Amino acid sequence: MSPSQDQKKKIVLCISGMAGSGKSTLAKRIARKYKLSYLSGGDALKTLAMEAGFKPTDRGWWESEEGLRFLKKRREDLSFDKRADEKLLEWAMQGDVVLDSWAQAWLLKQGLKVWLEASTEERARRIAERDRITFDQASNALKEKDGMTQMIYKELYGFDLGEDFSPFDVVLDVTQLSEDEVFNTISLLVDRLLY
């Protein structure tokens with residue numbers, strides 16, 4: 001049962017993980033359960049992509065040819081990620097929010113920070129199923145996306161995405177867990193640590 005508004009303190013929860021780890025799905029479910037705002041770094045970047053003339057409308061766009069082209073553009077011009085991260089940080093300061101973000105765990109000073117770890121094979125399997133593409137297509141797109149994203153954040157902020165877990169309060173290996181098992185585990189942590 002979700003706590004009432006008057007019992008609730010200002011909550012900031014950051015959920016991170018590489019593509020296909022289930023971070024967006026989990027963040028949305030947690031936001032609904034606790035009546036928190038859901039903010040996504042990916043959504044912020046999609047808005048900037050639209051401003052740059054891309055059309056990020058389809059599910060699985062990030063792993064598409066156009067999505068990977070935008071990723072290359074982000075690699076060449078780090079201001080896309082910088083602006084998206086600054087906006088998320090500004091919203092996060094207001095509290096009562098679940099952030100679906102790669103960088104916020106390093107940028108935020110407060111809140112509960114969770115990293116979802118999953119094997120590359122499992123992430124590729126999930127993306128292939130979600131986007132109705134082959135495992136090989138998903139695996140190749142992930143390899144390119146992971147490498148490029150890691151370079152962006154290393155250059156922009158100096159951290160090693162997917163390797164440095166120092167800002168995280170919780171690192172949960174979700175490779176063998178169902179969506180409900182992950183949700184129930186993180187809900188228990190939110191209940192105990194934030195409420």
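Yes or no, residue by residue, for (1) more than 20 Å from LEU26 (Cβ to Cβ); (2) crowded, with 21+ Cβ neighbours inside 10 Å; (3) in contact (Cβ under 8 Å) with a residue 24 or more places away in the chain; (4) in contact with a Phe, Trp or Tyr (Cβ under 8 Å, 6 or more places away or on another chain):
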{"residue": "ARG75", "(1), (2), (3), (4)": "yes, no, yes, no"}
{"residue": "ASP81", "(1), (2), (3), (4)": "yes, yes, yes, yes"}
{"residue": "MET93", "(1), (2), (3), (4)": "yes, no, no, no"}
{"residue": "GLN104", "(1), (2), (3), (4)": "no, yes, yes, no"}
Note to self: Would you confirm, using the coordinates I've provided, whether LYS55 is over 27 Å from GLU181 (Cβ atoms), of a type in the set (D, E, K, R), surrounded by fewer than 21 Cβ atoms within 10 Å (Cβ to Cβ) and in contact (Cβ under 8 Å) with a residue 60 or more places away in the chain?
What the structure shows: no
Taking first residues from region 116-142 that are in contact (Cβ under 8 Å) with a residue 12 or more places away in the chain and surrounded by 20 or more Cβ atoms within 10 Å (Cβ to Cβ) and second residues anywhere that are outside any loop (DSSP other than H, G, I, E, B) and among the β-branched types (Val, Ile, Thr), the pairs with Cβ under 9 Å that are 6 or more apart or on different chains are LEU116/ILE15; LEU116/VAL171; LEU116/VAL182; LEU116/ILE186; ALA138/ILE127; ALA141/ILE127; LEU142/THR120; LEU142/ILE127
All-but-one check, LYS28 against (1) at pLDDT 95 or above; (2) in contact with a helix residue (DSSP H, G or I) (Cβ under 9 Å, 6 or more places away or on another chain); (3) part of a helix (DSSP H, G or I), failing number (2)
Among helices (runs of 4 or more DSSP H) entirely inside region 101-195, those with 2 or more residues being touching a Ser or Thr at 6+ places or on another chain (Cβ under 7 Å) are 120-131
Output for Cβ contacts, cut-off 7 Å, separation at least six or different chains, first residue over 10 Å from ALA118 (Cβ atoms) in region 17-28, second among the hydroxyl-bearing types (Ser, Thr, Tyr) and not in a loop (DSSP other than H, G, I, E, B), reads SER24/SER40; ALA27/TYR38; LYS28/TYR38
Taking region 98-123 and keeping only residues that are over 10 Å from the mean Cα position of the chain (by Cα) and not aliphatic (A, V, I, L, M), one is left with TRP106, LYS109, GLN110, GLY111, LYS113, GLU117, SER119, THR120, GLU121, GLU122, ARG123
Looking across region 46-88 at residues that are outside any helix (DSSP H, G or I) and closer than 13 Å to LYS145 by Cβ, the single one that is nearest to the chain's Cα centre (by Cα) is GLY60
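The values are calculated or read from the model by the stated rules, or taken from the named source; none is laboratory data. Worth saying up front: this structure is predicted, and the values here are computed from it rather than measured. A quick note on method: Cβ atoms are made from the backbone with ideal geometry, for glycine too, and the neighbour counts reach across all protein chains shown.
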